[in-house]
Amino acid sequence: MKRKFRLVVCICLTAAAVAGMWFWLHRLVNTVLTFGMMAGSYWDVPNGNCYQIVDQTIHRFEAAHPGVHVEYTSGILKRDYSEWLSEQMLLGKTPDVFMVEPDDFNTFSSIGALKRLDKLIAQDKNFHASDFYLASYDAGVYQGKQYALPYESVPSLMFVNKTLLKQEEIPVPKDNWTWADFYAICKKVTRDTKDEGRINQFGFYGYSWKDAVYSNGASIFNSDGSACYLNNPKVEQAVQFCRELSKLSDNIAPSSKDFDLGHVVFRPFLFSDYRTYKPYPWSIKKYSNFEWGCIRMPSGPSGGNVSGLNTLLMGISSQTKHSRLAWEFLSMLTDDTETQQKIFQDSQGVSVLKKVTRSAKTQKLLNQEMPCGQQLSQRTLDKVMDSAVTSPRFRKYNSAIQLMDSRVEKLISSNQDINAELLTLKRDVLNDLA
């Protein structure tokens, strides 16, 4: 009887195991993982390979996960992506994994649309946050919690009209140049070159008060927006510096056309523009009448050669039924050397992984893209990424910055007391955030 009982138990356990395996395999074979992405370049530059990186990553992911199929909707342009994604959320069809635009990250995190990743990160022994550039990684943090991972970053760099500097007998600034160097060059070149009674040659275009704040070692908010630092002496010093720069041209601001025509020496640009328009033939189509390059941003007295950083994020839906698979796919997009190396090959940004940006493959690719003697040093690019700063993430950040930009720009072009006006603006911003 005991033998018979043991046999029956053994048969039942075996049958249960087989049934469980069959159920698991059947479920796996029918698993569809959805992915949300936009077509074209997020950085608004020409890109004919927008699907190549994703398609190749999907192919590798599906090969490693038999029975799992990844699907995405193609043809959604950047200008339509945010609206499309919001509609999918309202319909209860949020993709399991999806691209997250910086302007949407605060909202999606605050309303619970994004899954918190901290637990998944802690469970993955192969994942190390230190592999990422800090500013890129922090772009996915909301109120101290990780809600997204960085996929691709582009820092701001200072474009330099080398031809105009040469005409003025001014050497191209070194990477460790300062506000004083910036101001001195702008002062020397800003003037009426045709005796027409108006300034037609300028030192800079598009350099903002936030660029100055970053490079002076200051912040505008703390991480959750509960504190505003507009009355910080470093911020006041940055605004004062921008006012002094503006006075050089009698508060006459040049246009982007002035830079395109070669009448402006300096202009902050994204690294994606450098990668797109430096190589032939785009260099001929975009800026054909002068030689140009790029360097780090000038450092303030209390800061360094620091750039602001823009980062395209990817996250997981809080409603996904495939958390583990979604995490593995997200990791393959963001924390995988092979995928991230293709950022330099098929996109215009910078890999968010230090080892990829510092790799010999990356240097070789950058050297191949750029004309002889015009390469951006890989060491310089690494320094830019390593010291870059990202904006804090809280729900009303975007509206607060819009208010600040409007008021600070008026302050720069006026004779109002900077300290007093910044204190008033700080009060108004905090009231708006309350």
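Using the C-alpha gyration tensor of the chain, what are the square roots of 5 times its eigenvalues, in whole angstrom, with the largest one first? Show your work: numbers first, answer last.
Details: eigenvalues 469, 132, 64 Å².
Taking √(5λ) for each eigenvalue gives 48, 26, 18 Å, largest first.
Give me the number: length gained by fully extending A360 to T337, i.e. 0.36 nm times residue separation minus the C-alpha to C-alpha distance, one decimal in nm.
Working: separation 23, 0.36 × 23 = 8.28 nm, distance 1.30 nm.
In short, 7.0 nm is gained.
Order these peptides, 427-434, 98-105, by their mean beta-carbon neighbour count within 10 angstrom, highest first. Write down the numbers at each step before the final one.
On the way: 427-434: 13.6, 98-105: 20.5.
The peptides rank, most packed first, as 98-105, 427-434.
How large is the accessible surface per residue of region 298-434, computed with a 1.4 Å probe and reported in Å² as a whole number? Provide the component values of the computation, followed by the final result.
Working: 5930 Å² over 137 residues.
Here the residues of region 298-434 average 43 Å² of exposed surface.
Just the number, please: carbon plus sulfur as a percent of the accessible area of region 66-157, 1.4 Å probe, no ligands or DNA/RNA counted.
It is 48 percent, rounded to a whole number.
Compute the length gained on full extension between S414 and D260: take 0.36 nm times their separation in residues and subtract their Cα-Cα distance, giving the result in nm to one decimal. Mind showing how you got there, number by number?
Values: separation 154, 0.36 × 154 = 55.44 nm, distance 2.80 nm.
That pair, S414 and D260, stretches by 52.6 nm at full extension.
Determine, for each peptide in 79-86, 305-312, the mean count of other beta carbons within 10 angstrom over its residues, then list the peptides with the highest first. Could the numbers behind the result be given before it?
Values: 79-86: 15.1, 305-312: 24.1.
So the order, starting with the most tightly packed, is 305-312, 79-86.
Order the peptides 346-352, 128-134 from the highest to the lowest mean number of other Cβ atoms within 10 Å of their residues. Don't jump to the answer; show the numbers that get you there.
Values: 346-352: 24.4, 128-134: 16.0.
My ranking of the peptides, most packed first, is 346-352, 128-134.
Local charge sum around N231 (other residues, Cβ-Cβ under 11 Å, Lys/Arg +1, Asp/Glu -1)? Don't jump to the answer; show the numbers that get you there.
Details: positive: K234, K426, R427; negative: E236, E421.
So the surrounding residues net to +1.
Between 0 and 90 degrees, rounded to the nearest ten: what's the tilt of helix 52-64 against the longest Cα principal axis of the chain?
That helix lies at roughly 20 degrees to the long axis.
Charges only on Cβ, +1 for Lys and Arg, -1 for Asp and Glu: so what's the dipole of region 321-434 about the Cα centre, in debye to the nearest 20? Could you put the intermediate results ahead of the total?
On the way: 17 positive and 14 negative charges, 67 e Å.
Once rounded to the nearest 20, the dipole reads 320 debye.
The values are calculated or read from the model by the stated rules, or taken from the named source; none is laboratory data. Since we're looking at a predicted model, the values are computed, not measured. Backbone-built Cβ (ideal geometry, glycine too); neighbour counts: all protein chains shown. These area figures cover heavy atoms from the full protein model, side chains too; ligands, DNA and RNA do not enter into them. Shrake-Rupley method; radii C 1.70, N 1.55, O 1.52, S 1.80 Å.
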